[in-house]
Each structure stands twice: as C-alpha cells, then as structure tokens.
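Here's the structure, in structure tokens; my notes come after.
A short reminder: the numbers here are calculations on the coordinates, not readings from a lab. Owing to the predicted nature of the structure, the values given are computational and were not obtained by experimental measurement. Cβ atoms come from the backbone with ideal geometry, glycine included; neighbour counts cover every protein chain shown.
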Amino acid sequence: MPRRKPSPRRSSARSPREPRPIGDVFGRTENGPGGAETYVVRTIPGSRAVKTYRCPGCDHEIPPGTAHIVAWAAVGGEDDRRHWHTGCWRGRHTRTITRRWS
C-alpha cells in the first residue's frame, strides 16, 4: 500500500496570505564606496554565478561558482552594475577602488 503524503503543517511564522519579505531579491540599499552615494546591493549565490567578473575593489577575478555582491548606484546606475567580492564590498570604506571604469 502506498504511503500518504503528510498534510502541510501551518506555522505562525509563515502564512500563505502574508506577503513574504522581499529581502535581497530586488536588492537592499547601502552607502557606496566613499559613502557619498546610495547603492542598490544584491547578493549572488555561488550556484547563480556563471561568468567570470573582475572585482573593482581588488582588481582580481571572481571565478564562476563564487558567491559575490552586485552593486550599482540607486539613481540611474542600473547599467553600471559592478560585481564585488563580498569581503571587498564590506571593506569599501577603508580603501579606495583599484579599478576605474569608463
């Protein structure tokens, strides 16, 4: 005799009627390098990182499969997204950008 699928348990923490928090799906806002501009920041898990990028914080490559951060200026910067190592993004206030782009 086949097993019956257990009925889903309802928890008070998660209800299908309550909206889920957006979290990192559309990005969060943080101060950018230098602190003058607001940046939208999104975390990219290693499973979704399929290309090689160059980090502007350290000028090293971010290989495919490596979790990292994507950041761009909140106002009009969608086309200027930059991929950062997570540690380089966290240390952006203590050092300067090593790679400038045009």
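Rounded to whole numbers, the Karplus 3J(HN,Hα) couplings from phi for segment 46-57 are x, 5, 9, 8, 10, 10, 8, 10, 10, 6, x, x Hz, using 6.51 cos²θ - 1.76 cosθ + 1.60 with θ = phi - 60°, and x at Gly and Pro. Under the simplified labelling scheme, the residue 48-residue 66 pair shows an inter-label distance of 1.9 nm, with each label point 7 Å from Cα along Cα→Cβ. Near the amide H of residue 77, within less than 5 Å, lie no amide hydrogens of residues on another chain or at least 5 residues away, with H placed in the peptide plane. A cut-off of 5 Å between modelled amide H atoms, ignoring neighbours fewer than 5 places along the same chain, links residue 60 with 55.
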